[in-house]
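To start, the structure under review is shown below, and the notes come after it.
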């Protein structure tokens, strides 16, 4: 109960900070907004934003784990703050930095989505996931994040989108044998779904069987 109360207090503080950040951005006061973002990082995570910008994805996730488990609300807070920084960089036409921040934000949002439970207070921010994916998708994305995007689409039953991501991974990695095997497992798992589910999510059974046949042929040809 104490842990839950502490998280609720942090969520309340975070929402207050977000109101300030959004107001400043709306008024075009980007530098002031960056200052509030920095203050929010310090208040909630005890470090300034420049440290978060330099940390690896693994380091960021380690910071929000308790007994090896990710705190989804803290993960969302971190993701949202990084996304707000990215939006400011976009406003200032610093697109390289915006892309870098969006990738970090997306990675955290996807981790939070996988690790959320019924006690997660900030689930409304998951609506930001799709827009960030759209922003980063035209560019080269690390395979680790592509895999998480694929898993996210599977979790929300967007099977056709998961397939699109999988083929991007395959093509960008020269149809690596291990990836082909992963793809076969991906499709075979989908075959366990009922036809109604598959058809409603734009990946009918016959297409899945055709894809499995193609990948198995590719695997035997390249062996």
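The values are calculated or read from the model by the stated rules, or taken from the named source; none is laboratory data. This structure is a prediction, so every number in the text was calculated from the model and none was measured. Every residue, glycine among them, receives a Cβ derived from its backbone with ideal geometry; neighbour counts consider all protein chains shown.
Figures for the structure shown
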| item | result |
| --- | --- |
| Long-range neighbours under 8 Å by Cβ, at least six apart or interchain, first residue more than 19 Å from residue 153 (Cβ to Cβ) within the stretch 195-223, second assigned to a loop (DSSP other than H, G, I, E, B) and modelled with pLDDT under 95 | 218/175; 222/175 |
| Top-ranked residue in the stretch 153-163 [being over 11 Å from the mean Cα position of the chain (by Cα) and assigned to a helix (DSSP H, G or I); ranked as farthest from residue 211 (Cα to Cα)] | 155 |
| Helices (runs of 4 or more DSSP H) wholly inside the stretch 37-152 containing at least 1 residues that are in the same structural domain as residue 24 (by TED's automatic domain parsing), under 19 Å from residue 8 (Cβ atoms) and free of Cβ contacts under 8 Å to residues at least 40 places away in the same chain | 72-91 |
| Meets criteria (more than 20 Å from residue 111 (Cα to Cα), in the same structural domain as residue 124 (by TED's automatic domain parsing) and part of a helix (DSSP H, G or I)) for residue 22 | yes |
